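The values are calculated or read from the model by the stated rules, or taken from the named source; none is laboratory data. Here the structure is a predicted model, which means the values were calculated and not measured. Cβ sites come from the backbone with ideal geometry, for glycine too, and all protein chains shown count toward neighbours.
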Amino acid sequence: MSNPPRFPDVSGGSRALAGQTVESAPAPVVAVDRRGRVSLVNAAARALLPGLAPGVVLDAGVAPGWLVSAARGGHGGREGPDAEAAGTAEAATTAHGSLRGRVLTAYAAPLPDGHTAWWLTDVTGREEAERSLRSERESTAFLARASARLQASLNPRRCVVATARLAAGHLADAAVVVRLSRDRRPEVTRAVFDGRLEEETLSASPEEMPGLAEALEGFPPVSFRSVDPGLVPAWLLPEGFGRPASPVVVPLPGSGEIAGAMVLLRRAGGEDAGPEDDAVTRIFAARAGAAISAAALYAEQVATVAVLQRELLPPALPHPEGVELAGAYRPAQSAQSVGGDFYDVHPADGPGRETDVVLGDVAGKGPEAAVLTGKVRNTLAALRLVESDHVRLLDLLNRTLLSGPRNRFVTLVLASFGAPDPGTGRVALRLTSAGHPPPLILRRDGGVEAARTSGTLIGVLPEATATTCSTTLLPGETCLLYSDGVTEARGGPYGEMFGEERLADVLGSCAGLHAQAVVERVGMLTSEWLAGREHDDIALVAVTAAHRTPLSAVGGNVRAGDDR
């Protein structure tokens, strides 16, 4: 801001020339003496303030109050030597105010004999530019703040609450976000600028609010709609808000659909929204709608995954006589990854029947893998009722999968066992692998051997082939079924796979342990190996011939006997 020009200290003919210069100056100039009387007024000042003339007292009758107040403040209304001294000692000052719809700044410059000249400059354009710049900066800061808050959560309710509160704090005195529930009832979130929040689901109809039903249904979104304040239903208004002025219905566009609608409410007597406010509201509505839509989509996905994961969770294991069963399932680290590993145990359903254990790994992840997992589990549960031979059962399953979509396959390992020998506690075990890592058998001396079974993937070739291995578990011996999530777990100091050899060593250290302890130890050491890294699904099932530890009392003490 430049300083106004000072009047030269001249006399005689030069003073007359200076007077002519001031008279013809384009800016209004008014000079007052120490008594507050106008001593000079040029043509531009007379045009702006027709009541001004030399000798007239500068007061509110002829000049705006802000200029009068500033002129009086310059000499304090005093007369005599003190006033003159004060006038000459005053530095140039400024005054600021409006006149006839314009914004003016008056610069004071001291003149000889205690007179003061006020040079008026029209700064309306500059004020409007500065106000527009401030508004633009505030709007940019608001939109940045709003984006950060809206993106801070993938919870739909929190996004709706954030939308209402942000709008009430910047765009209006109150904001109401309306969404439709599954039964088409309006879910209303009301926020007021003072921080109050109200949430409820109503039985009212959106049709009661003009423009609301269209905003909730239309896509592409309809335009903003101003509503007659008298037509706003009471259920839409925050408690104690009163009748609003100029309510506006704003759609919240989401991803391919409307995420909801927002009603902006202003108190009567407040400022109406301008064009720049409409632009900010439009941008905010788009960002809020996108955030709410994304949160709703995420919530739906989480709910779907939760349902699928519940279906994939391993069943509670039975307790067949003479045999210990234990299982463990650890899904992939990604929270949204629905894996394909599973296991099931089907108890013997009659005398002479066997208990069947199946552990499998369906190709792929996500919902498709979950659907195939469910299909495989249900099909196996039905087929085992009519077919006990492992190879024929796998071939029937293979034909079933081939009748559906291609490139969907599964690896499986089956284990079947009957009642233990009543005299020795030995458990006869049949094992069959179909493209799956063969089970490991832990003997009582700590030795570990892989079952001699192999076979083709299920769901790939026209005919499934496999070999079945028959073995016997002595009391305390364990057969471990596992998925490749164990052996392919990458960790250690160099990111190596856990591998079959390391798994066999770990299993060998479990000699003499019960089935549950075996599963827990293998799972614990695998987790330590991973050390928090990403991993695939991990499934384990241990089948252990029950320990035979008859107790006998000797000398009043209890002593465990040997297996016999």
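So is Gly51 at pLDDT 90 or above and not β-branched (Val, Ile, Thr) or not? For Gly51, the condition - at pLDDT 90 or above and not β-branched (Val, Ile, Thr) - is met. Candidates are the residues of the stretch 79-91 that are surrounded by fewer than 16 Cβ atoms within 10 Å (Cβ to Cβ) and in a loop (DSSP other than H, G, I, E, B); the one that is modelled with the highest pLDDT is Ala91. Within the span defined as the stretch 173-186, one or more residues are in contact (Cβ under 8 Å) with a residue 24 or more places away in the chain and in a loop (DSSP other than H, G, I, E, B).
Determine if the stretch 62-74 includes at least one residue that is at pLDDT 90 or above, out of contact with any Asp or Glu (no Cβ under 9 Å at 6 or more places or on another chain), under 14 Å from Thr116 (Cβ atoms) and not in a helix (DSSP H, G or I). Yes, the conditions are met somewhere in the stretch 62-74. Scanning the stretch 111-125 for residues that are modelled with pLDDT under 90 and touching a Phe, Trp or Tyr at 6+ places or on another chain (Cβ under 9 Å) gives Leu111, Pro112.
Which is in contact (Cβ under 8 Å) with a residue 24 or more places away in the chain, out of contact with any Pro (no Cβ under 9 Å at 6 or more places or on another chain) and under 21 Å from Leu414 (Cβ atoms), of Val486, Val518?
On the way: Val486 fails: out of contact with any Pro (no Cβ under 9 Å at 6 or more places or on another chain).
Among Val486, Val518, only Val518 is in contact (Cβ under 8 Å) with a residue 24 or more places away in the chain, out of contact with any Pro (no Cβ under 9 Å at 6 or more places or on another chain) and under 21 Å from Leu414 (Cβ atoms).
Of the residues Arg184, Arg179, the single one that is under 18 Å from Gly289 (Cβ atoms) and of a type in the set (D, E, K, R) is Arg179. Tell me whether the stretch 230-243 contains one or more residues that are in the same structural domain as Arg184 (by TED's automatic domain parsing), under 25 Å from the mean Cα position of the chain (by Cα), at pLDDT 90 or above and not in a loop (DSSP other than H, G, I, E, B). The answer is no, given that none of the residues of the stretch 230-243 is in the same structural domain as Arg184 (by TED's automatic domain parsing), under 25 Å from the mean Cα position of the chain (by Cα), at pLDDT 90 or above and not in a loop (DSSP other than H, G, I, E, B).
May I ask you to list the residues in the stretch 283-331 that are among the hydroxyl-bearing types (Ser, Thr, Tyr), buried (at least 18 other Cβ atoms within 10 Å of the Cβ) and farther than 30 Å from Val249 by Cβ?
First pass over the stretch 283-331, keeping only residues among the hydroxyl-bearing types (Ser, Thr, Tyr): 293, 298, 304, 329.
Checking the rest, the ones that are also buried (at least 18 other Cβ atoms within 10 Å of the Cβ) come to 293, 329.
Within the stretch 283-331, just Tyr329 meets the criteria.
Pick from Ser416, Ser470: which is of a type in the set (S, T, N, Q) and buried (at least 21 other Cβ atoms within 10 Å of the Cβ)?
Ser416
Mind listing whichever residues of the stretch 309-344 are aliphatic (A, V, I, L, M) and at pLDDT 95 or above? Give the derivation first.
Residues of the stretch 309-344 aliphatic (A, V, I, L, M): 312-313, 316-317, 323, 325-326, 328, 332, 335, 338.
Hits for the stretch 309-344 are Val323, Leu325, Ala326.
Against the definition (within 25 Å of the chain's Cα centre (by Cα) and part of a strand (DSSP E or B)), how does Ala191 come out, yes or no? Against the criterion (within 25 Å of the chain's Cα centre (by Cα) and part of a strand (DSSP E or B)), Ala191 qualifies. Restricting attention to the stretch 204-220, and to residues there that are over 17 Å from Ser181 (Cα atoms) and modelled with pLDDT under 90, which single residue is surrounded by the most Cβ atoms within 10 Å (Cβ to Cβ)? The extreme case among them is Phe219. Taking the conditions exactly as written (assigned by TED's automatic domain parsing to the domain that holds Leu383, more than 30 Å from Arg533 (Cα to Cα) and touching a Lys or Arg at 6+ places or on another chain (Cβ under 6 Å)), does Gly512 satisfy them or not? Answer is no for this residue.
The set of residues in the stretch 519-536 being surrounded by 15 or more Cβ atoms within 10 Å (Cβ to Cβ) and either of a type outside the set (Asp, Glu) or more than 30 Å from the chain's Cα centre (by Cα) (or both) consists of Val519, Glu520, Arg521, Val522, Gly523, Leu525, Thr526, Ser527, Trp529, Leu530, His535. A count restricted to the stretch 403-421 and to residues that are out of contact with any Lys or Arg (no Cβ under 6 Å at 6 or more places or on another chain), part of a strand (DSSP E or B) and not aromatic (Phe, Trp, Tyr) stands at 6.
Within the stretch 403-417, is even one residue farther than 26 Å from Pro367 by Cα, among the aliphatic types (A, V, I, L, M), modelled with pLDDT of 95 or more and out of contact with any Asp or Glu (no Cβ under 8 Å at 6 or more places or on another chain)? Break it down into steps so the answer makes sense when it comes.
Going residue by residue through the stretch 403-417, those that are farther than 26 Å from Pro367 by Cα are 415-417.
Next, only the ones that are among the aliphatic types (A, V, I, L, M) stay: 415.
Remaining after also requiring modelled with pLDDT of 95 or more: 415.
Now narrow it down to the ones that are out of contact with any Asp or Glu (no Cβ under 8 Å at 6 or more places or on another chain): none.
The answer is no; no qualifying residue exists.
Residue check: is Val386 part of a helix (DSSP H, G or I), among the aliphatic types (A, V, I, L, M) and at pLDDT below 95?
Working: part of a helix (DSSP H, G or I): no; among the aliphatic types (A, V, I, L, M): yes; at pLDDT below 95: yes.
In short, no.
Using the structure shown, decide if Leu431 is at pLDDT 95 or above and within 49 Å of the chain's Cα centre (by Cα). Considered against the rule, which asks whether it is at pLDDT 95 or above and within 49 Å of the chain's Cα centre (by Cα), Leu431 comes out as yes. Remark: Ala191 falls outside the filter, which requires a residue to be small (Gly, Ala, Ser), crowded, with 18+ Cβ neighbours inside 10 Å and within 30 Å of Gly65 (Cβ to Cβ). For the stretch 422-462, how many residues meet the condition of being surrounded by fewer than 15 Cβ atoms within 10 Å (Cβ to Cβ) and assigned to a loop (DSSP other than H, G, I, E, B)? Counting residues in the stretch 422-462 that are surrounded by fewer than 15 Cβ atoms within 10 Å (Cβ to Cβ) and assigned to a loop (DSSP other than H, G, I, E, B) gives 9.
In the set (1) closer than 30 Å to Arg158 by Cβ; (2) acidic (Asp, Glu); (3) modelled with pLDDT of 90 or more, the condition left unmet by Asp361 is number (1).
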